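Throughout, read-outs are computed from the coordinates displayed, never taken from laboratory work. Predicted model, so just to flag it, every value in this text is computed and none were measured. Note that we place each Cβ from the backbone using ideal geometry, even for glycine, and neighbour counts take in every protein chain shown.
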Amino acid sequence: GVNNPSEMFLEERSTNVPGSTIVATMEGTRPLLIEVQALVTPTTFNNPRRMATGIDHNRLSLLMAVLEKKENYLLQQQDAYIKVAGGVKLTEPAVDLSVIVATASSFKDKAVDGLDCYIGEVGLTGEVRRV
């Protein structure tokens, strides 16, 4: 077995770069730290692209709508790409906050602390709920 599976998902991670956050999730009974990456870039299409690997595409659209409405981010002219490292699929709502922070970080081109972990469900009114 692997002594520290989180290390496997984080060992090649660049810290303190825009668009990168860490989320804690459960794999069975073991907590696991995984990187969530976001890339937000001006679109060249009439309709901006929203692509998600490792999280539900509809969840990404919902979270981006919250950023637009509650934080006044002008994302309707931006393509957004979200990727969960290691090919892991995250279905729990706890990933919401990590996705929002990674997206905002990429959009603003400002890194967040690479040692922080973001866990929480984000509601449609922008509130963060405990999970």
Item to check | Taking Glu68, Glu35 and counting other C-beta atoms within 10 Å, the order from fewest to most | outcome: Glu68, Glu35
Checklist entry - Of Gln37, Val112, Asn72, whose Cα points farthest to the positive end of the dipole of the range 5-115 (charges on the beta-carbon: +1 Lys, Arg; -1 Asp, Glu; origin at the Cα centre)? => result Asn72
Item to check | GNM flexibility winner over the chain from Val36, Val88, Val112 (Cα, springs under 10 Å) | outcome: Val88
Checklist entry - Counting other C-beta atoms within 10 Å, which of Thr53, Thr44 has the fewest, and how do the rest follow? => result Thr44, Thr53
Item to check | Sum of -39500 (n - 2.57) over DSSP H runs of 4+, divided by residues of the chain (222 nm, nearest 500) | outcome: -8000 deg cm²/dmol
Checklist outcome for this item: For Gln77 and Glu92, extending 7 Å from Cα along the Cα-Cβ vector and measuring point to point gives, in nm, a value of 3.9 nm
Checklist entry - Cα axis of helix 96-108 to longest principal axis of the chain: angle in degrees, 0 to 90, nearest 10? => result 50 degrees
Next on the checklist: Rounded, prolate or oblate, given the Cα gyration tensor of the range 40-131, with a/c below 1.5 counting as rounded?
Outcome noted: rounded
Item to check | Prolate/oblate/rounded call for the range 86-131, Cα gyration tensor, a/c under 1.5 rounded | outcome: oblate
Checklist outcome for this item: Largest fluctuation, Ser61, Ser98, Ser106 only, Gaussian network model of the chain with Cα springs under 10 angstrom, belongs to Ser61
Checklist outcome for this item: Candidates Thr41, Thr21, Thr29; GNM for the chain (alpha-carbon contacts under 10 Å) flags as most fluctuating Thr29
Checklist outcome for this item: Least to most buried among Asp109, Asp79, Asp56, by other C-beta atoms within 10 Å and fewest first, runs Asp109, Asp56, Asp79
